Every structure is written in C-alpha cells, then in structure tokens.
Amino acid sequence: MSPIQHGIRTLGVLGAGQMGLGIAFVSALRARVPVLLYDKSPEQVTKGLAFMDKLLEKDVGKGRIRSEDAKDARGRVTAVSELEGLRDVDMAVEAVSESLPLKQSIFKSLAAALRPDAILATNTSSISITKIAASAIPAGLSAASEQGKQSAGRVVGLHFFNPVPVMKLVELISAIQTSPETLDRARSFAAACGKEVTTSKDVPGFVSNALLMPFINEAIMHLEKGIATREDIDTTLKLGMNHPMGPLQLADFIGLDTCLAIQQTLYEGTGDSKYRPSVLLERMVDAQFYGKKSGKGFYEY
Ligand code: CAA
C-alpha cells in the first residue's frame, strides 16, 4: 500500500517565534513546500527571517546543502501581514504562545477564513486539542452537525521540539473530533519534514511534557531546597545520564514562562499534586526572568 500523501501545496504558519520559524524552515527546506508566515508583530517576522538566512548560510557553509537549495528554500517563505492572507493554504500550523483563549480565538478565525478541507494544526505543548478543535466550528453550526463535525475534524496536534531544525521528533495528537484522514495527512507531512512521528492521546502535556515537566520541576525544587547548586544539578544529569543539557539549562532554553504554563495546564488538567509548579518557578516568572530569551533565567545569557 502506498503511503498517504499529505497533499500540502501551501502551508501557513502562525507565529514567527522560535517554534514557528523552525517549522517554516523545515517545511520549506525539507518538505519543499511554499510557506506563508504570519505574525501579528512585523518585527518578529523580520527577526525570524534573518535567523532563517543565518541557518541556511550555515548549512551551505558546512556543505550540507547546496547554495541553490538554500536559495530555493528561502524563496519558498513569504511573510503575510494579515491572517486572511492564509485563506488558500492546505494546512495551517499555529505556533503562538501557550494560551487557550488565544488559540481558541485563532482557530475560530481560521475555521471561518480557510477552505473547509484545509488542515488546522496546533503546535501546543500541553493544551487539549479537543478544546481547541471545539473552537474551530464556524458560528451558527452545532458541533454535532455534519459541517460542524467536518470542521472540527480537521484539527490536529502537531508538536515539534526546539530547536526544530535539529530535533528529530514530532508528536502527533488526535482530538476526539480529529478525522482519520486529517491524522494521516498530518503524519505524512511531518515525515516529509524529516521527522520521526510518535502519537499520544489528548491528555494534558501528552507523553512528552507529562514526563518532562515533573523532571524539570523536581530539579527546580532541588535548587529551591539548596540540595545542590544549579551547576551541580545540571552537571549531574549531563554527565551522569548523558543528557545534552541539564534540566535547569533546559528550562531556561524552553522558557520559564512556557514551563510554568505547561505545568499549570498539567496540574489543572489532572489535579495531581506531582504536577504542581514549584514556588521558585512561579517567582522567576513573576520577576520576568523567562530564561534564555529574556537574558536571565537560572543562568545569565
Ligand atoms: N535553531 C537551529 N539550530 C540550532 C539552534 C536553534 N535555535 N540552536 C542550536 N542549533 C544547532 C547549532 O547551530 C548546531 O548546528 P551544527 O551541528 O550545524 O553546527 C547544533 O544545533 C548543535 O548546537 P551547538 O553546537 O551550538 O550546541 P550543542 O551541541 O550543545 O547543541 C542543542 C545544542 C541541540 C540545543 C542541544 O543542547 C540539545 O539537544 N539540547 C536539548 C534540547 C531539547 O531537549 N529540546 C526539547 C525541549 S522540549 C520542547 O521543545 C517541547 C516542549 O513542549 C517544551
């Protein structure tokens, strides 16, 4: 049996932060699909595209790709200034911050603006895909109607990992409403981007963050209790267990605000105290120490 074709001729990416930019990068370079990149901040798009130029230049410099391939990939990415600019895409991938109301409002707009057969994917790292899918039903339609089921059925979780050009995994999550065709096409698209795909049920944090976040939180609590220094905690895991980064460095890399948002979703979604965010993590975010992106987290950058 031949593999399901993703059929994505044009991709829309919402959010030009580190995740959105990475998704645009692998889609243009690996899947060779034209990408329309939207962010409400034009400065973010300019910054993101400049970073993409640097990544492509580095790959050419290291002999991984030819300069024509880099030029073609860059030529496939176009910035759009309005969300409506995505109306003709075959799939949109949302990669904005971890806020349910924000994602619900985006999916409501996408459901109204895009063709009924376009796939609506979210890169959320913890929020329920089922809740997001429920917002992707055009006004006036009930969730149980054929059109309502079809509209929510094109929503899927496509969870990439940071840095997207380097990390080999995509976690695929099906909402209760997701149609088998949506799931197959999304899986096929992730594979075309060069990623290995695992699947998870729609539980808070999916497999990846339900396992990673208690580990990071426990490391923060070890620091909070003065059990070891930040360096000793990280070095223990790096050298003792061969992790590429220690958990505190990894938390800074992911973003402490993102870690807190994920942990809150896990805690609220399960009621399980093992997911309760540490006070130190909350205080770091209160202080606007968001990690690498803000210049200070558990380390200084
Ligand atoms: N974008 C693109 N490429 C990047 C990058 C970025 N932001 N950061 C680093 N890289 C590339 C470098 O350019 C370098 O590429 P080359 O091999 O072509 O030179 C390569 O990654 C290795 O980088 P470095 O040599 O600078 O440093 P390193 O060997 O320490 O690797 C790392 C850096 C790849 C980030 C590595 O430390 C690592 O794998 N860390 C763990 C990352 C991780 O666990 N990510 C998942 C986080 S969880 C998540 O994303 C999901 C969630 O829901 C929270």
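The values are calculated or read from the model by the stated rules, or taken from the named source; none is laboratory data. Predicted model only: the values in this text are computed from it and were never measured. When we count neighbours, we look across all protein chains shown, and the Cβ atoms used for this are built from the backbone with ideal geometry, even at glycine. Surface areas here come from the heavy atoms of the whole protein model, side chains and all, with no ligands, DNA or RNA. Shrake-Rupley method; radii C 1.70, N 1.55, O 1.52, S 1.80 Å.
Numbers at a glance
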quantity	calculated
For peptides 214-223, 127-136, sequence by mean Cβ density within 10 Å, most packed first	127-136, 214-223
Ellipsoid equivalent to the stretch 178-217 - semi-axes via the Cα gyration tensor, in Å	24, 14, 5
Values of log10 I(q)/I(0), in the order q = 0.28 Å⁻¹, for the stretch 91-132 under a Debye, Cα-only, solvent-free model	-1.05
In degrees, nearest ten, helix 100-113 long axis to first principal axis of the chain (Cα)	10
Residue-level accessible surface for residue 258, protein heavy atoms, 1.4 Å, Å²	40
Alpha carbon convex hull of the stretch 165-301, volume per residue in cubic angstrom	126
Simple label model, 7 Å out from Cα along Cβ direction - residue 228 to residue 66, nm	4.9
Gain upon complete extension [residue 102, residue 299; 0.36 nm per residue less C-alpha separation]	67.9 nm
Estimated FRET transfer efficiency when R0 is 30 angstrom, pair residue 30-residue 88 (beta carbons, to 0.05)	0.85
0 to 90° range, to nearest 10: angle between helix 180-192 axis and the chain longest Cα axis	70
Simple spin-label estimate for residue 196 and residue 283 in nanometres, 7 Å along Cα-Cβ	4.0
Quotient of C-alpha Rg and 2.2 N^0.38 Å, computed over the stretch 77-213	0.99
Cα-based equivalent ellipsoid, the stretch 1-120: semi-axes from gyration tensor eigenvalues, Å	25, 18, 11
Cα pair distances of the chain binned at 10 Å [whole percent]	6, 27, 33, 24, 9, 1
Cα gyration tensor shape of the stretch 55-151, rounded if a/c is under 1.5, else prolate or oblate by comparing a/b with b/c	prolate
Label-to-label distance, nm, for residues given as residue 78 and residue 44 (7 Å Cα→Cβ offset)	2.2
Amide H within-cut-off set for residue 10, under 5 Å, with H built and near neighbours excluded	90, 91
Nearest 10 degrees, 0 to 90: helix 256-270 Cα axis against the chain principal axis	80
Under 30 Å from the Cα of residue 296 - lysines, other chains or at least 8 residues apart	40, 47, 54, 58, 103, 168, 225, 238, 274
Residue 167-residue 215 FRET efficiency (beta carbon distance; Förster radius 22 Å; 0.05 resolution)	0.80
